[in-house]
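The values are calculated or read from the model by the stated rules, or taken from the named source; none is laboratory data. Note that the coordinates shown come from a computational prediction; the quantities given were computed from them, not determined experimentally. Note that each Cβ is placed from the backbone with ideal geometry, even for glycine, and that neighbours are counted across all protein chains shown. Heads up: the accessible areas ignore ligands, DNA and RNA and are worked out on the full protein's heavy atoms, side chains in. Shrake-Rupley method; radii C 1.70, N 1.55, O 1.52, S 1.80 Å.
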Amino acid sequence: MKREIILDTETTGLDPYSGHRVVEIGCVEVIGGIRSGAFFHTYLNPERDVPEEAQRVHGITTQFLKDKPIFAERVDEFMEFIANDPLVIHNAGFDMRFINAELDRLGFAAIPMTRAIDTVTLARKKFPGSPASLDALCKRFEIDLTARTKHGALLDAELLADVYLELLGGRQVVLALDMQFGDNAEAIIIASDAPRREPRPFPLSPEELAAHEQMLALLKKPIWAE
């Protein structure tokens with residue numbers, strides 16, 4: 001079944017090439033259009049200060065991040081989690097630039113933009129002229145926002161997972177057999193030891209048959225008479 005990774009980051013600023021860094025990464029796994037429950041989440045020491053304007057957005061302070069791992073300490077686990085699967089990101093260009101800047105510092109190859117699915121682009125195509133922020137889309141799809149007092153990478157990834165599935169046509173529930181047995185699901189027969197009952201006939205009375213014929217006589221050009 002198709003595996004996709006919903007990804008979000010929080011940063012110290014807007015431009016990774018002017019010294020700004022990633023301070024939080026949140027990833028949520030979606031398999032076959034359903035959140036699997038697997039996720040990757042980490043706070044990161046950016047090895048610099050967090051400006052006040054960034055703190056106002058996500059609430060993450062320089063002091064809070066002092067004892068957190070640097071990106072180099074979590075990169076292998078991060079790369080293993082995202083594997084080679086599509087990355088679903090809200091405003092993908094922003095997050096991809098920051099992730100690739102962090103990878104470049106460590107000598108890793110950049111993740112190609114072709115792997116990114118931008119939910120802003122999807123939303124604008126589906127609802128042209130309407131707001132395409134994550135908050136606006138959550139409200140449109142009646143997704144609970146009460147826990148979102150500030151931006152947070154993991155929470156936003158979880159919300160985005162629900163938004164993304166709605167943009168694709170609505171959150172679907174699939175049979176557990178599909179998740180557990182994959183291609184073999186159709187071969188599974190559910191057996192029951194309960195005794196089978198013979199069909200019980202319910203014949204129509206002469207009065208009911210006559211009423212039915214009268215009703216049919218009122219129909220004009222019934223399809224079965226064509």
Requested in this report: Return the tail of the calculated pair distribution for the stretch 1-144, meaning the percent of Cα-Cα pairs more than 28 Å apart.
Outcome: 21 percent
Report summary line: If the chain between LYS126 and PHE141 were fully extended at 0.36 nm per residue, the gain over the current Cα-Cα distance would be 4.1 nm
Report summary line: Probe 1.4 Å, heavy atoms of protein chains only: per residue, the accessible area of the stretch 82-122 in Å² is 43 Å²
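How much FRET efficiency would the formula 1/(1 + (r/R0)^6) give for ALA109 and TYR17, where r is the Cβ-Cβ distance and R0 is 22 Å, rounded to 0.05? Working shown, then result.
Numbers: r = 18 Å, r/R0 = 0.80.
So the FRET efficiency works out to roughly 0.80.
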Query raised in the report: Can you pull the percent of the stretch 93-143's accessible area that's carbon plus sulfur, 1.4 Å probe, other chains left in place?
Result: 55 percent
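Can you give the charge dipole size of the stretch 14-68 about its Cα centre, rounded to the nearest 20 debye, using +1 on the beta carbon of Lys and Arg and -1 on the beta carbon of Asp and Glu? Each step should come with its number before you reach the end.
Details: 6 positive and 8 negative charges, 30 e Å.
Charge dipole of the stretch 14-68: 140 debye, to the nearest 20.
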Requested in this report: Report, ordered by chain and residue number, the aspartates and glutamates lying within cross-link reach of LYS2, taken as a straight Cα distance under 20 Å and ignoring same-chain residues fewer than 8 apart.
Outcome: GLU29, GLU80, ASP85, ASP118, GLU158, ASP162, GLU166, ASP178, ASP183, GLU186
Query raised in the report: Convex hull over the alpha-carbon atoms of the stretch 29-73: what's its volume per residue in Å³?
Result: 109 Å³
